[in-house]
């Protein structure tokens, strides 16, 4: 009887240890979750990020041009962040172009940078939290021998509109 109790205790302990695995690395990007917008007189840029679940996040971005005859989408991007071989990978497909992958170069509690030195432009993509209602994004790289940086400062907005 004593051996059976020990066996059951060991089995339960192993089962609990198996269930209590550490959180996925993508969970550290929870601060990106939500709907973000950079609004200007001539254009609005939006990014929408799902909460981390199932080992990944899904994103969608679009640029809307405001014109005298109405608004129109001028570019869009489908994105996702997944974990692969212990690193986060940012996968982007902008405006129907070829898929590009960028691997985690740095990760903190409030910022992440992804890198792909072989990509045409950008070679790096970064996101940083600036409080609960602001998200900073940046692309960096080299085009024709010239360094280029594009920055996006987003405010949180309701996902209902």
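Anything in the stretch 44-66 that is in contact with a strand residue (DSSP E or B) (Cβ under 6 Å, 6 or more places away or on another chain), more than 21 Å from residue 160 (Cβ to Cβ) and surrounded by 16 or more Cβ atoms within 10 Å (Cβ to Cβ)? List them, or say none.
56
Among the candidates 90, 78, single out the residue that is over 17 Å from residue 148 (Cβ atoms), surrounded by 14 or more Cβ atoms within 10 Å (Cβ to Cβ) and touching a residue at least 24 places away in the same chain (Cβ under 8 Å).
Answer to the selection: 90.
Here is a yes/no grid of residues against (1) under 14 Å from the mean Cα position of the chain (by Cα); (2) outside any strand (DSSP E or B):
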{"position": "96", "(1), (2)": "no, yes"}
{"position": "117", "(1), (2)": "no, yes"}
{"position": "121", "(1), (2)": "no, yes"}
{"position": "128", "(1), (2)": "yes, no"}
{"position": "131", "(1), (2)": "no, yes"}
{"position": "151", "(1), (2)": "no, no"}
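Could you tell me whether residue 25 is modelled with pLDDT under 95, buried (at least 16 other Cβ atoms within 10 Å of the Cβ) and at negative phi?
Here the answer is yes, as residue 25 does meet what is asked.
Determine if the stretch 78-89 includes at least one residue that is out of contact with any helix residue (DSSP H, G or I) (no Cβ under 7 Å at 6 or more places or on another chain), modelled with pLDDT of 95 or more and over 18 Å from residue 115 (Cα atoms).
no
Name the one entry in 131, 144 that is free of Cβ contacts under 8 Å to residues at least 12 places away in the same chain, surrounded by fewer than 13 Cβ atoms within 10 Å (Cβ to Cβ) and within 21 Å of residue 32 (Cα to Cα).
131
Assuming residue 106 fulfils every condition listed in (1) under 27 Å from residue 54 (Cβ atoms); (2) in contact (Cβ under 8 Å) with a residue 12 or more places away in the chain; (3) surrounded by 11 or more Cβ atoms within 10 Å (Cβ to Cβ) apart from one, which condition is it?
Going through the list (1) under 27 Å from residue 54 (Cβ atoms); (2) in contact (Cβ under 8 Å) with a residue 12 or more places away in the chain; (3) surrounded by 11 or more Cβ atoms within 10 Å (Cβ to Cβ), residue 106 breaks only (2).
The values are calculated or read from the model by the stated rules, or taken from the named source; none is laboratory data. Being a predicted model, the structure only gives us computed values, none of them experimental. Heads up, the Cβs are rebuilt from the backbone with ideal geometry, glycines too, and the neighbour counts pull from every protein chain shown.
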